[in-house]
Amino acid sequence: RYFLFLTLNFLALMVNAHNFKVIKDTSNYVLKEIDSAYYSKHGMKEKNLYTVDSSLITKDNGVLKLKLYNGKIATLHGPESFKSPEDLKFDEYYGCNKKAGYYLFRTSLGEPDVFYLMNDKNEYIEFDLEWPLISPDFKYYYKGLFARNNGMNGVEVVNFKTKKKIKIKTTDEFLHQIKWINDKNFIFYTNHFDPSNRWHPVMTYYLVKIKD
């Protein structure tokens, strides 16, 4: 834990050490333009947030069952039995972040796959298409890209506790998945096609610092 604390604080210092250009400074966040090298070298691996305790998993007549930490049982069924996340029936279980109190499941209702984060109260957050991108200590989660509106695209993140949504807007045509650095900083990139250069894609890389 102490090592993790030092690591996250070191990364935060690294973010502050770079004198990147400020694109936008709002009451909720600061948006800076960064370079591709910084984007490539930073960001955490989301799958490290979850662990699977095999002692909590049993098999009953070929059906996998997971004992949750609140004593309830989640049955890992296929999509044919799925009605809603409250049924606790899923295709696949990826593990639990015990500190945050969330379990990660997946179900396939045909196409596409849907991922769910669920806590012990059976409250859940739904993620279409892609693996949930969560900040290291489960303070914020990446909800997705919101569609073009009046010439604006953007990235949306949500606070786990307050449910407050933060939308980072850009005018580029295509936005790409974010990478968390720590609980208050993440990076992403966009691209648009340049008609003056034979329609070649132009990449722009961003760093976002969330204000609490």
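Tabulated results
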{"quantity": "Rounded to the nearest 10 Å², the accessible area of E123 at probe 1.4 Å", "calculated": "100"}
{"quantity": "By average C-beta atoms within 10 angstrom, highest first, the peptides 196-208, 176-188", "calculated": "176-188, 196-208"}
{"quantity": "Spacing of the two label points (7 Å from each Cα toward its C-beta) at D128 and I73, in nm", "calculated": "3.4"}
{"quantity": "Interchain or long-range residues, amide H under 5 Å from Y69's placed H", "calculated": "none"}
{"quantity": "Residue-span extension gain [K167 to L64] - 0.36 nm each, minus C-alpha spacing", "calculated": "33.2 nm"}
{"quantity": "Projected label distance in nm at D91 and N19, using a 7 Å step from Cα toward the beta-carbon", "calculated": "5.1"}
{"quantity": "Area accessible to solvent at Y50, 1.4 Å probe radius, in Å²", "calculated": "20"}
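The values are calculated or read from the model by the stated rules, or taken from the named source; none is laboratory data. Everything numeric in this text was worked out from a predicted model, so none of it was measured. All Cβ positions, glycine included, derive from the backbone under ideal geometry; neighbour counts span all protein chains shown. Ligands, DNA and RNA are stripped out before the accessible areas are found, and what is left, the full protein with its side chains, is counted by its heavy atoms. Shrake-Rupley method; radii C 1.70, N 1.55, O 1.52, S 1.80 Å.
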